[in-house]
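One structure below.
The values are calculated or read from the model by the stated rules, or taken from the named source; none is laboratory data. Predicted, not measured: the structure shown is a model, and the values here were computed from it. Methodologically, a virtual Cβ is constructed for each residue, glycine included, from the backbone with ideal geometry; neighbour enumeration extends over all protein chains shown. In case anyone asks, the SASA skips ligands and DNA or RNA and just uses the protein heavy atoms, side chains included. Shrake-Rupley method; radii C 1.70, N 1.55, O 1.52, S 1.80 Å.
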Amino acid sequence: MLETLLPILIFAALGLAVIGAWRRVRLWRQGRPSAVPLLKGLAALPRRYLVDLHHVVERDKVMSNTHVATAGGFVAAAVLMILVHGFGLAQGVLGWLLLAASATMFVGSLFVARRRRNPPARLSKGPWMRLPKSLMAFSLSVFAITLPAVGILPADFGHWLLALALAAVVVWGLGEMVFGMTWGGPMKHAFAGALHLAFHRRAERFGEGNRSTGLKALNLDDEAAPLGVEKPADFTWNQLLGFDACVQCGRCEAMCPAFAAGQPLNPKKLIQDMVVGLAGGSDANYAGSPYPGKPVGEHHGTPHGPIVAREGKALVDAETLWSCTTCRACVEECPMMIEHVDAIVDMRRHLTLERGQTPNKGAEVLDNLIATDNPGGFDPGSRLHWAADLNLPLMADVKQAEVLLWLGDGAFDMRNQRTLRALVKVLRAAEVEFAVLGTEERDSGDVARRLGDEATFQSLAKRNITTLAKYRFQRIVTCDPHSFHVLGNEYGELGGQYEVRHHSTFIAELYDAGRLAFAPWKGGSVTYHDPCYLGRYNGEYEAPRNVLKALGIEVKEMERSGFRSRCCGGGGGAPITDIPGERRIPDMRMNDVKESGAELVAVGCPQCTAMLEGVVDATAEVRDIAELVADALVARPAVEAVDASRRNAGKTAEEVI
Amino acid sequence: MRPEQQGIEVAVLVSVGRHPITGRARRADQDARGLELALGLERQLPGSRVGLLHAGPRSEENESALRGYLGMGLDTLTLLEQAEGSDAIPALAEHLAAAPPQLVITGARAERGEGSGLLPYALAERLGWPLVNGLAAVEKVENGVATLLQALPRGQRRRLKVRLPAIVSVDAAAPAARQSAFGPARRAELAATPVPAEPDRELAEWQLAPARKRPKRLKIVKAASARDRFKAAAAKAEGGSGQVLEGVSAEQGAEAILKLLNEEGVLR
């Protein structure tokens, strides 16, 4: 009986799956157009899946092996099942292979079941709780129906009742694994995820050591076009596809600093809300952690309805979008390569550019940027006041230099001025030929862009690019990772290509070239805080540590360091929009420092310095790497002699006079 | 809303502002507050209509500054196009007289040009309408009479009833202006109508020089205790040493003024 029933069941499930797939594709196609090479993307899919995605999944070894067994077993079992039971090709090795594949899948599903026994808070419950049972139903039933096919059991084994029961289990397994894949069950992640990897909006991020972190420029030429994302259908179609790929593993949630601080943001929920939006409906069926302080079930949306309501509630509240620090911890952690930060900034662009609803100090900061080219509203002519006694060479005078020192808006901040002075001292000690733009420099546009004001960003960027084009220099060095990121990764699209170095990278290079010498470190224990815009945005984890090593410091790493470093809370305009939470992000970070036992935390970013120094009753001191280097400077051995003779010469001259 | 309250027509006069530090053109702070007040009124009295009016030359810089007002949520601005250096008052008065709104809102003082703060007074004189300065809020409009709240120094408020049409001017006591959004600002329309330019002859004769900060009289507080210091800081400015001259001739008055100016060291 089963021999006749099985092909019917298998092809019925496949047929329904195709219909479901077509419906799902239509949902994604509601989005705006986005040009991606379809065939090239499909060709790159296996590598992106097996190498790039697996590289992220592998951070959790047990889950990685579980997924390899379950998913690998399922793909093999599904293909072989179609051949063996669909087309009746049981003879030979195929049947045995099918047995092996379904057995592997069963072993995997046992681990999935173990994981679901006491699931961590970050995992979604609901339909996901039945997934291990469905996996077992599929693998066991396929195993069982294959036994007679390979001849282990006689074809007429067992009672017809047993056959009927087995058929029922096969239906369950096929329903979840094949039908559910395109109609919206937990297995949807496999279908949408595969296509998402193939048609990813940032194809350049795949491949060893590659990253793509710069925000994409908004086209401002078309005056009639609405700006930013107001409705789910305003996302590009492959962004919608990306949201649908979410597997609700909650790794983003576990890493999100805003979620940990009790601010109303949970990246996982945000992506799920976008899925609700693209299909239409309410978030009542969401079975994971909510946005802190916001009960589930009160929000709803449609593909062509607003995401943020002008009054009342829609899909997402504005404060959820403004809680993000754009630290990219979620993106770094996402095994599905979903781009949360892009989506959040897209929606912020609508709120700022179309509605004029940047919260709290946002409007004031943007007005300052428009009127004075810096967020604090300071006189642009006073940008170099901190260096009145330093006699810095100006680009306007020298026209060319080896290094252009980009000061950033920290030039107006008294704390960062100490860092800048230290950096100048280091550059002079290494005899670097450098110059500054001085009052010709403007804000890089980082804050404006993260606050969604793309118009102000592009205005600042274009004027900066024009200024930079007047002068000749080999590279830009800056102590501000935000400027570093914007100049290096985001100006390119607007026509400014530069070689940019963070000061820690540049100091490391100078040290390696033997142009700096340091006195041995006499202070206490030190830890290092990776700025998001240096680490996750630009992959620079080594240079700052090398500099500290050169200073004779052994870094006591915090539990969350390197690519998992926790944000200081200062990025993405978060201190400006200032969405209340239960805790402050910098307090949590200084607590991480305390737990490492370090007495000093070395940083490499003016924002991080300001945020971490703002923590009351901190157990550790906050110093910029440039300051540590400047304090440890000693004359290079070879130069020392020259210096000494020069000093003596001066003395004799004085005596003569 | 209550039935007797009907929507009214409001005209907001806006100027091209000047940022105090960089001098760049922008939406003027007080005019933007005036518009904010008007938009609040539109909410309060359904059916009200808010129109924006500016008289002056059209240039790229001016246009981007004027669009700053449009970004607060309006579709169109009426621009009475005049040559640089023309007198705005006749043009504005003519336009307002042709289709009189019930309420005209202006800022107290422009951020560039003469900045004398006389425009609302001159307009009120020409149109023969009442004028209220330092407006903080419009409480209600009933049967052609508006109940207004006027801001006085030290947070005091005075309630006034004014028959419409009227001109009101706002200063820093009015509600702060909302953010201007880029998208609506650039999509909105600048409806320009050229008007005959009357050159401002008086202005042409003037010599213009950058303004200096006015010297501030030092306030010497002789207080023994913290309580006295607090009282001195919070007390109302009292015109203790002033005198009121009544029924005196012009010469006597002028003499008294001259004497005071000499005493104060303004004239030397």
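General observations
- Summing charges over all other residues whose Cβ lies under 11 Å from the Cβ of A:PRO544, with Lys and Arg as +1 and Asp and Glu as -1, gives -2.
- Using a simple spin-label model with pseudo-atoms 7 Å out from Cα toward Cβ, A:VAL79 and A:ASP512 lie 4.4 nm apart.
- Projecting the Cα atoms of A:GLY158, A:ASN489, A:VAL112 onto the charge dipole of chain A, computed from C-beta unit charges around the Cα centre, puts A:GLY158 farthest toward the positive end.
- Computed from the Cβ-Cβ distance with R0 of 22 Å, the FRET efficiency linking A:ASN546 to A:TRP521 stands at 0.95.
- Each Lys or Arg adds one and each Asp or Glu takes one away; over the other residues whose Cβ falls under 11 Å from the Cβ of A:GLY452, this sums to +1.
- More than 22 Å apart - percent of Cα-Cα pairs taken over the range B:9-205: 44 percent
- 3J(HN,Hα) along the range B:180-186: 8, 9, 5, x, x, 4, 7 Hz, from the Karplus curve 6.51 cos²θ - 1.76 cosθ + 1.60 with θ = phi - 60°, whole Hz, x for Gly and Pro.
- Only the Cβ atoms of Lys and Arg (+1) and of Asp and Glu (-1) were treated as charged; on that basis the dipole of the range A:538-622 about its Cα centre amounts to roughly 200 debye.
- Fraction of alpha-carbon pairs over 17 Å apart in the range B:82-183 - percent: 58 percent
- Kirkwood Rh, angstrom, the range A:1-43 [1 / mean 1/r, Cα pairs]: 13.1 Å
- Computed about the Cα centre, the dipole magnitude for chain A is approximately 1800 debye when only Lys and Arg (+1) and Asp and Glu (-1) carry charge, each at its Cβ.
- Across B:GLU42, B:GLU205, the residue with the most accessible area heads the list, and the full order at a 1.4 Å probe is B:GLU205, B:GLU42.
- Once the Cα-Cα distance is subtracted from the 0.36 nm per residue extended length, the A:ALA217 to A:GLU364 segment shows a gain of 50.6 nm.
- HN-Hα J in Hz across the range A:273-286 - Karplus 6.51, -1.76, 1.60, θ = phi - 60°, x for Gly and Pro: 5, 5, 5, 4, x, 6, 9, x, x, 10, 8, 4, 8, 5
- Label separation (A:ARG310 vs A:VAL36): 3.4 nm, computed from points 7 Å beyond Cα along the C-beta direction.
- Amide H within-cut-off set for B:LEU135, under 5 Å, with H built and near neighbours excluded: B:ALA151, B:SER169, B:VAL170, B:ASP171
- Among the cysteines of the protein assembly as shown, those with no neighbouring cysteine Cβ under 4.7 Å are A:CYS246, A:CYS249, A:CYS256, A:CYS324, A:CYS334, A:CYS479.
- The interface between chain A and chain B buries about 1400 Å² of solvent-accessible area in total (1.4 Å probe, ligands and nucleic acids excluded).
- Of the DSSP H helices in chain B, those that are both long (alpha-carbon extent of 20 Å or more along the helix axis) and hydrophobic (Kyte-Doolittle mean at least -1.0) are B:29-44, B:250-264.
- Dipole of the range A:230-354, positive end: most advanced residue of A:CYS246, A:VAL296, A:CYS327 [Cβ charges, Cα centre]: A:VAL296
- Modelled spin labels at B:ALA204 and A:GLN474, positioned 7 Å past Cα toward Cβ, are 6.2 nm from each other.
- Stretching A:ALA43 away from A:ARG26 to a fully extended chain increases their span by 3.9 nm, per 0.36 nm per residue minus the current alpha-carbon distance.
- Reciprocal mean inverse distance between Cα atoms of the range A:100-226 - Kirkwood radius, Å: 18.4 Å
- Chain A, helix-only ellipticity at 222 nm - DSSP H runs n ≥ 4, -39,500 (n - 2.57), divided by all residues, nearest 500: -14500 deg cm²/dmol
- To the nearest 10, the accessible area of A:TYR541 is 40 Å² with a 1.4 Å probe.
- Stokes-Einstein D for the range A:289-350, Kirkwood Rh over Cα pairs, 37 °C, 0.692 mPa s (µm²/s): 253 µm²/s
- Ellipsoid equivalent to the protein assembly as shown - semi-axes via the Cα gyration tensor, in Å: 63, 41, 24
- Computed over the range A:365-634, the convex hull of the alpha-carbon atoms projects to a mean area of 13.6 nm².
- Selection from A:HIS85, A:TYR49, A:VAL68, by position along the positive dipole direction of the range A:39-99 (Cβ): A:TYR49
- To the nearest 10, the accessible area of A:ARG583 is 110 Å² with a 1.4 Å probe.
- Using bins of 10 Å that start at zero, the share of Cα-Cα pairs per bin across the range A:360-406 amounts to 22, 36, 30, 11, 1, in whole %.
- Heavy-atom accessible area order for A:ASP512, A:ASP52, largest first, 1.4 Å probe: A:ASP512, A:ASP52
- Dipole magnitude for the range B:1-83: computed about the Cα centre from +1 point charges on Lys and Arg Cβ and -1 point charges on Asp and Glu Cβ, it is near 200 debye.
- Near A:GLU230: Cβ cut-off under 14 Å, other residues only, Lys/Arg at +1 and Asp/Glu at -1. The net charge is +3.
- Three-way shape call for the range A:2-198 based on the alpha-carbon gyration tensor, with the a/c threshold at 1.5: prolate
- Residues A:ASP578, A:ASP367, ordered by accessible area of protein heavy atoms at a 1.4 angstrom probe radius and largest first, appear as A:ASP578, A:ASP367.
- Relative to its Kirkwood radius, the Cα radius of gyration of the range A:153-310 gives an Rg/Rh of 1.11.
- Rounded to the nearest 0.05, the FRET efficiency derived from the C-beta distance between A:THR466 and A:LEU162 at R0 = 60 Å is 0.15.
- Solvent-accessible surface (1.4 angstrom probe) belonging to A:LEU110, in square angstrom, nearest 10: 80 Å²
- When Rg and the Kirkwood Rh are both derived from Cα coordinates, the Rg/Rh ratio for the range A:450-501 amounts to 0.95.
- Column: log10 I(q)/I(0), Debye, Cα scatterers of the range A:230-354, q = 0.15, 0.16, 0.21, 0.23 Å⁻¹: -0.59, -0.69, -1.30, -1.63
- Pairwise centroid distance, computed over Cα atoms, of the range A:301-373 with the range B:48-65, Å: 30 Å
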